[in-house]
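**Student:** I have a structure I would like to understand better, so I am pasting it below and will then ask my questions one at a time.
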Amino acid sequence: MTVIKGLNPLRSVSVFLIFQQLDLLNQQYSAVALGIEKLKANWLEPVAKEGRPMRQVEIRITPSMLKNSMLIVTAGIKAGTLSIQERLVVSPSQGVDFGTDVLRAGNKLRSRAPIRRFYTANLVNAGDTVVLTEISDGRWTLNKAQPSG
């Protein structure tokens, strides 16, 4: 242990113990984060519900969607896959789950910051397709579609 000149020895011990606790908390956080990722990987596998097929919406990303961090789901509404004011909990392929709903104005998802993070993390460009897939009642995954060909 290094003693800083002019620092009370008891205070230096307290600082040492604080850093020791921070290190322990960091290790625990890493273990929990890893456990969550493992659970998420297993838990988010799409499962068709009894009597009802799994819902899925493919959305072609436009330049204005990217610029304004929006996800417009008009195609899903027109197809009857989604409805206005429907509540969704979305698990993006990279990022943190977020809750949102479908707005009547513009047929878009309300949450924009998580959508911006998804676009950035997945290197989404105008012309790319993203896919919303229902995995259970009210729970959806959001993934960038793989280019065909």
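The values are calculated or read from the model by the stated rules, or taken from the named source; none is laboratory data. On a predicted model such as this, the values are computed, not experimentally measured, just so you know. Reconstructed Cβ throughout: ideal geometry from the backbone, glycine too, with neighbour counts over all protein chains shown.
**Student:** Return a yes/no flag: does segment 129-136 have any residue that is over 21 Å from Lys67 (Cβ atoms), out of contact with any Ser or Thr (no Cβ under 9 Å at 6 or more places or on another chain) and surrounded by 12 or more Cβ atoms within 10 Å (Cβ to Cβ).
**Tutor:** yes
**Student:** Can you tell me which condition Glu37 does not meet? The list is (1) closer than 21 Å to Ile115 by Cα; (2) modelled with pLDDT of 85 or more; (3) outside the structural domain of Ala113 (by TED's automatic domain parsing), and all the others hold.
**Tutor:** Glu37 satisfies all of (1) closer than 21 Å to Ile115 by Cα; (2) modelled with pLDDT of 85 or more; (3) outside the structural domain of Ala113 (by TED's automatic domain parsing) except (2).
**Student:** Does segment 137-149 hold any residues that are surrounded by 14 or more Cβ atoms within 10 Å (Cβ to Cβ) and among the hydroxyl-bearing types (Ser, Thr, Tyr), and which are they?
**Tutor:** Thr141
**Student:** Oh, and also: Across segment 93-149, what is the number of residues that are within 14 Å of the chain's Cα centre (by Cα) and of a type in the set (S, T, N, Q)?
**Tutor:** Total meeting the criteria: 9.
**Student:** Being surrounded by 12 or more Cβ atoms within 10 Å (Cβ to Cβ), under 20 Å from Asp128 (Cβ atoms) and of a type outside the set (Phe, Trp, Tyr) is true for just one of Ile77, Ile61. Which residue is that?
**Tutor:** Ile61
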